[in-house]
Every structure is written in C-alpha cells, then in structure tokens.
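Report on the structure given below.
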Amino acid sequence: MKTKKKTALPRYDAIRAGSFWSQRLKSTDPLSAVLTYNAPTELNRAYDEWERKSLLDHLPSKMKGKRVLDLGSGIGRLSIPLAKLGAEVIAVDPSDGMRRHLAKEAKKAGVDSRVTTVSASADQIPFGDKLFDIAICFGVLEHLPEHARKTCLQELIRVVNRRGKIFAVVNNFDNALLRETYDLKAQRKDGYFVSLVGLEWIQRQCRRFDAIATVRTANPFYAMAHYYLHPNVKKTGMTKREFAELCRQLPQLDAVNGLSEPFCKRMASHYLVEIVRK
C-alpha cells in the first residue's frame, strides 16, 4: 500500500523578512515603514494611537519591574512607552535597521537601560519557559505564513508565566476590503509576506494550546476612514484639514465604541486580543 507523501511546507525565512523591513525603513518615515506604507500621515498616526492606547488601557496598573517581551518590536512604538512605565523590555525583531532605530530612540527617551534588543524570528523565541509577565505581539501574526504563525503563538504561550498575559493584534478576516488585498500565499522573494488571520483562527489555536483568547477592543471607525472614506474623500467634498481632524478623533471613537455591533465585525480591520493560560 502506497503512503501519501507529505507536502513540504514553504520555509519562512526570517533573515529575508528582516532585510525587507530594514530596506523599507530606509525608504520612508518610520511610522509608514511599520504601518501602511502609502497611507497619509494622519491615518498612520490614528492607527498608532489606537494600538498604543488600547494596550495601555489593558495593562496592569503597576508596570515597574515587569518583564515584557515585545515581539516584532519594530521602531519601538510600544517598547519605549512600556520602558517609561518602568518595565524591563526585551524587544525582539529580525530587522537590523529596526533594532538600531529602536535603540537610538530608547536612548533619546532615557530608557535605554530598560530596553534590550534581540535579533530572532517570531517562530523561534530564544528564551526559556514562563520567563515573562507580559508578551506583546502587534503587527506580527499577519506577516507570518500559517505554519510559522501557529508556532509563534505556541511560543508566546510558552514563554509567559502562569499569571502572565499576551496581548496580540489580529486582523479581521470578515472585512471584505482586507480580503481583496491580503492575498499572498507564500513569502515573496524580497522577504515580504502578509495574509488574513482572523479572530476565529486565533481563538481556535488558543484552545489547542490550553489558552483563552478574549477580544478587548477593535477599530471599526479607523477602518471605515481608511478603507472606505479615504479612497472617496474627494467625492464627499471633505477638505484635507477636515479629514485630518476626523483622523485625530478616530482613536477615541474606537476606544468608546470599538466593539459596537453590527458594524464592528464587518468594518473593523483589527482586534486587540488578550490571551491567558487556562
């Protein structure tokens, strides 16, 4: 009886991915490099504020001395604010350029003694079990092929202690406009990869790994402004100044009404999920 040969999974090359993000950082401003490359500055600022505010609102009130893993730390959008709160941050990223930028910004902010940068792949976290009080994984899972993504999530659960928490941002599979653009099947030659992850995927995987994933907030107002309003802003008659003012209000709108249904499930581009061990 013939046995079926297992199809070899495409290898995820963290070195190529790191090189891509380093080159991207050279080609544009730091925020555009880690968020949406061609988006207006005000939209990237709105998304950045939503992520940072959402995280800070759900962290423990006392962060001094907490050991925090910032996986896919990029330019330090989260590492530096956490270090300012007194946390000891391990910032992991495969991009040399991103780590150098983060280290420079941490020094400017006076928190370099509390931020350590480490080069590693997201699916091979080089630390022992139950080492961290908190792990953060923002803007990472969607840039990993599914097999690497599963391993990354399992690794995050492994390195967080029993009372620890993982905060992850996951994109929304139910957003039809995202489905039109997030369609890569394999890592590109330049190292880039992006795909849809979805809330159901992360909740299902967490159950497999004896963990619980709870949605804390989402960003339907930001997503509507980005994917629906921005491409049609001229048709509305809205001025650039008016659009910029709207963008400044988006993080607060999402903070108050981010999980409102029915439009959250269809319109949000991302969810903030809190993961704990069972």
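With the requirement that a residue be aliphatic (A, V, I, L, M) and surrounded by 18 or more Cβ atoms within 10 Å (Cβ to Cβ), what does segment 89-112 give you?
Selection gives Val89, Ile90, Ala91, Val92, Met98, Leu102, Ala106, Val111.
What about Asp129, is it at pLDDT 95 or above, over 16 Å from the mean Cα position of the chain (by Cα) and farther than 20 Å from Gly76 by Cβ?
So Asp129 fits the description; yes.
Of these, Gly72, Gly86, which one is surrounded by fewer than 17 Cβ atoms within 10 Å (Cβ to Cβ), out of contact with any helix residue (DSSP H, G or I) (no Cβ under 7 Å at 6 or more places or on another chain) and at pLDDT 95 or above?
On inspection, the qualifying residue turns out to be Gly86.
Determine, yes or no, whether Ala83 is free of Cβ contacts under 8 Å to residues at least 60 places away in the same chain, aliphatic (A, V, I, L, M) and in contact with a Gly (Cβ under 8 Å, 6 or more places away or on another chain).
Against the criterion (free of Cβ contacts under 8 Å to residues at least 60 places away in the same chain, aliphatic (A, V, I, L, M) and in contact with a Gly (Cβ under 8 Å, 6 or more places away or on another chain)), Ala83 does not qualify.
Among residues belonging to segment 35-51 that are assigned to a loop (DSSP other than H, G, I, E, B) and either within 13 Å of the chain's Cα centre (by Cα) or among the acidic types (Asp, Glu) (or both), point out the one that is surrounded by the fewest Cβ atoms within 10 Å (Cβ to Cβ).
Among those residues, the one meeting the criterion is Thr36.
Of everything in segment 193-230, what is loosely packed, with under 15 Cβ neighbours inside 10 Å and either polar (S, T, N, Q) or touching a residue at least 60 places away in the same chain (Cβ under 8 Å) (or both)? Give them in sequence order.
Asp210, Ile212, Thr214
Starting from segment 102-115, keep only residues that are free of Cβ contacts under 8 Å to residues at least 12 places away in the same chain, then list their pairs with residues that are surrounded by 13 or more Cβ atoms within 10 Å (Cβ to Cβ) whose Cβ atoms are within a distance under 8 Å, requiring at least 6 positions of separation or different chains.
These pairs meet every condition: Asp112/Ala103; Asp112/Ala106.
Among Lys107, Lys26, Lys53, Lys62, which is closer than 25 Å to Ile157 by Cβ and charged (D, E, K, R)?
Sole residue among the options that is closer than 25 Å to Ile157 by Cβ and charged (D, E, K, R): Lys62.
Within segment 181-229, how many residues are of a type in the set (A, V, I, L, M) and closer than 29 Å to Asn161 by Cα?
The number of residues fulfilling the criteria is 9.
Which count do you get for residues in segment 176-193 that are of a type in the set (S, T, N, Q) and assigned to a helix (DSSP H, G or I)?
Within segment 176-193, residues that are of a type in the set (S, T, N, Q) and assigned to a helix (DSSP H, G or I) number 1.
Based on what the data block shows, is Phe127 surrounded by 18 or more Cβ atoms within 10 Å (Cβ to Cβ) and among the aromatic types (Phe, Trp, Tyr)?
No; evaluated as a whole, the condition is false for this residue.
Any idea which residue in segment 212-264 is modelled with the highest pLDDT, counting only those that are touching a strand residue (DSSP E or B) at 6+ places or on another chain (Cβ under 8 Å) and in a loop (DSSP other than H, G, I, E, B)?
Filtering segment 212-264 for residues that are touching a strand residue (DSSP E or B) at 6+ places or on another chain (Cβ under 8 Å) and in a loop (DSSP other than H, G, I, E, B), the one modelled with the highest pLDDT comes out as Asn219.
The values are calculated or read from the model by the stated rules, or taken from the named source; none is laboratory data. Just so it is clear, the model here is predicted, and its values are computed rather than measured. All Cβ positions, glycine included, derive from the backbone under ideal geometry; neighbour counts span all protein chains shown.
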